[in-house]
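The values are calculated or read from the model by the stated rules, or taken from the named source; none is laboratory data. Since the model is a prediction, treat every value here as computed from it, not as a measurement. All Cβ positions, even for glycine, are placed from backbone atoms using ideal geometry, and neighbour counts span all protein chains on display.
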Amino acid sequence: MLFACLPGLAAVLALLLCARGVDRTVTAAGREVAARPVASHQAPRPEIVPRTAWLDDDTRHGQPPPRYDDKVVAVFVHHTDSPNGYDCADAPRIIRYLYAGQTGSRDWDDIGYNFLVDRCGTIYEGRAGGIERPVTGAHTQGFNHRTTGIAALGTFTAGADVPKAMTEAIAALAAWKLGLSDTDPRARVRLTSSNSLSRYASGTTATLPALAGHNTGYMTSCPGAALTARLPEIRQIAARLQGRAP
């Protein structure tokens, strides 16, 4: 056996390293350094349509640059409260309309959602700043930091049909985005409210689901009763895509 050939102290150290579940590498100088942890749950990145498919980025001329957090540890799911019977080919036009409303009458600097998903399961980049980066959104009052906002195109109040392709796409996107910080979609995470207009006073640290509905952090019916009811299933699918045990 390998450890039988090692001196006593070296064998003990080797066993400890195995018990910690950390790979070790040796530098050219012979120094041992820690590598990445063995246990990491990253899901593949799903196909995402860039925002240039629905908006010319020159439109952002004169607007402030994107803001960033250090990482994403939670996802908030929304619906857009718009008609459900659209042709999926019209999704870019619908997103452009949502953008116009949020940057126009609401005077936001960009669309609030980081991503949008249509009923055919197509994922669109929303807010500018980079798909893979932890862009600070404007989707959940008080909890825009360290989170990503995913909006389902449509209205999903009680009794509405929630397309399977849509929920599977939301799960795939959440699995990938949360996997970048090795966050289990079924876990609960600690987030600090930045605005007393949320369900929690500014400065309050709340323990919330890592994959939550908009109504978890803010007083709203969004993402609608029908989509809210699908969140447990979406969490399970996302966890499976990360390779986590049931």
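A few comments on the model shown:
- Residue tally, condition buried (at least 24 other Cβ atoms within 10 Å of the Cβ) and hydrophobic (A, V, I, L, M, F, W, C), over region 126-149: 1
- A single member of Tyr97, Tyr68 is surrounded by fewer than 16 Cβ atoms within 10 Å (Cβ to Cβ), at pLDDT 95 or above, touching a Gly at 6+ places or on another chain (Cβ under 9 Å) and not β-branched (Val, Ile, Thr), and it is Tyr68.
- Some residue of region 154-164 being buried (at least 22 other Cβ atoms within 10 Å of the Cβ), within 21 Å of Asp87 (Cα to Cα) and of a type outside the set (Val, Ile, Thr): yes
- When restricted to residues that are touching a Ser or Thr at 6+ places or on another chain (Cβ under 6 Å) and of a type outside the set (Gly, Ala, Ser), region 193-210 contains 5.
- Members of region 100-130 that are among the aromatic types (Phe, Trp, Tyr) and more than 14 Å from the chain's Cα centre (by Cα): Trp108
- Extreme residue, modelled with the lowest pLDDT, among residues of region 102-125 that are among the acidic types (Asp, Glu) and surrounded by 21 or more Cβ atoms within 10 Å (Cβ to Cβ): Asp110
- Taken over region 214-236, the criterion of being surrounded by 19 or more Cβ atoms within 10 Å (Cβ to Cβ), within 15 Å of Met166 (Cα to Cα) and not hydroxyl-bearing (Ser, Thr, Tyr) is satisfied by Pro223, Gly224, Leu227, Arg230, Leu231, Ile234, Arg235.
- Checked against (1) among the hydrophobic types (A, V, I, L, M, F, W, C); (2) in contact with a strand residue (DSSP E or B) (Cβ under 9 Å, 6 or more places away or on another chain); (3) crowded, with 20+ Cβ neighbours inside 10 Å, Ala53 meets all criteria but (3).
- Put simply, of Gly126, Gly137 the only residue that is in the same structural domain as Tyr68 (by TED's automatic domain parsing) and under 24 Å from His41 (Cβ atoms) is Gly137.
- The strands (runs of 3 or more DSSP E) located wholly in region 85-162 that include 2 or more residues which are over 17 Å from Gly217 (Cβ atoms) occupy 115-117, 123-125.
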